[in-house]
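Read through the structure below, which is laid out as structure tokens, and then see the notes.
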Amino acid sequence: MSHFKAPPKKNLGQHFLTDRSIIEHIVHSIDPKPGDMLVEIGPGQGAITFPLLKKRGSLTVIEFDRDLITPLSEAAHGIGELTIVHKDVLQVDFGKLAGENRICLVGNLPYNISTPILFHALEHCRQVRDMHFMLQKEVVERMAAEPGSKVYGRLSVMLQAVCEVIPLFDVPPQSFNPPPKVDSAVVRLIPREPNQVGIRDPEMFAAVVRDAFGQRRKTLRNALSRLCTGEQLQAAGIKPETRAEQLPVSAFVHLANFLSESAACATAPIQAAMPRRRYNGRD
């Protein structure tokens, strides 16, 4: 007898995975190892949850829908240790959740908020060993897109700068209840080591990528006018007439570092010329 009675909620973007062969393929791809701390985002009715729990013995899930909390807890009896975090995933501190461990994130992400979840996960990359997500196929294509592609954009650059993006396999609509109107795909993300990333100023990097793709038809000279001049682009070894979709990820990293260092050099003389305040014991 099923513990799950409530139908999928459209307002939460719920599409519950039901295809057993796809479920097995996902669990095999995740391949949890002894000692891994598994965290699943949006377990739904437990399609991936319980096979992982059987294989691993313990699992933490993050579920926002309160109507699923009790059924998940009841269904886990006799299978393994299931820890349920009843919270909006965007409010979850993965670093705090991981503690001294590195976590493996998995999930069939709600398509309506998949991009914010991805960016939230990026903020905690140092605490994450790998990620396996099911998303809209179109989103996975954008994540893995190469320069020159029509779908290469902000998401591509932001993710590829800090992770290896590996599309695994497609999932047809009929694998879900209810079937979504789009094809889905499973993707693996492996965070790069900090010394491989090379981003010295994350805020500058994010600003450069955001503005560069803000208006795709503009050249970088115009798109980045808020952040730099054409002369600065040339000094960084980038042609001002280039468009964002033509620039590889490494060039975005280099440009952001160049602009950050230029800004630091420009403010240094001003800071050096400012009179020093004498410490008065109160500040």
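The values are calculated or read from the model by the stated rules, or taken from the named source; none is laboratory data. Note that the structure is a prediction, hence the values are computed from the model and not measured. Note that we place each Cβ from the backbone using ideal geometry, even for glycine, and neighbour counts take in every protein chain shown.
Do you know which residues across the stretch 102-123 are more than 14 Å from I41 (Cβ to Cβ) and touching a Lys or Arg at 6+ places or on another chain (Cβ under 9 Å)? Hit for the stretch 102-123 is R102, nothing else.
Considered as a group, the residues in the stretch 15-59 that are over 20 Å from V89 (Cα atoms) and in contact with a Phe, Trp or Tyr (Cβ under 7 Å, 6 or more places away or on another chain) include one that is modelled with the lowest pLDDT, and that residue is T18.
Condition (residue is of a type outside the set (V, I, T), over 23 Å from R210 (Cα atoms), at pLDDT below 95 and assigned by TED's automatic domain parsing to the domain that holds S184) applied to the stretch 131-149: is it met by at least one residue? Checked against the condition, which is being of a type outside the set (V, I, T), over 23 Å from R210 (Cα atoms), at pLDDT below 95 and assigned by TED's automatic domain parsing to the domain that holds S184, the stretch 131-149 yields no hits at all.
Exactly one residue among P191, P248, P172, P178 is closer than 23 Å to S29 by Cβ and either under 21 Å from the mean Cα position of the chain (by Cα) or at pLDDT below 95 (or both), and that residue is P191. If you go through the stretch 103-133 and pick out every residue that is surrounded by 15 or more Cβ atoms within 10 Å (Cβ to Cβ) and more than 28 Å from P248 (Cβ to Cβ), you end up with 8.
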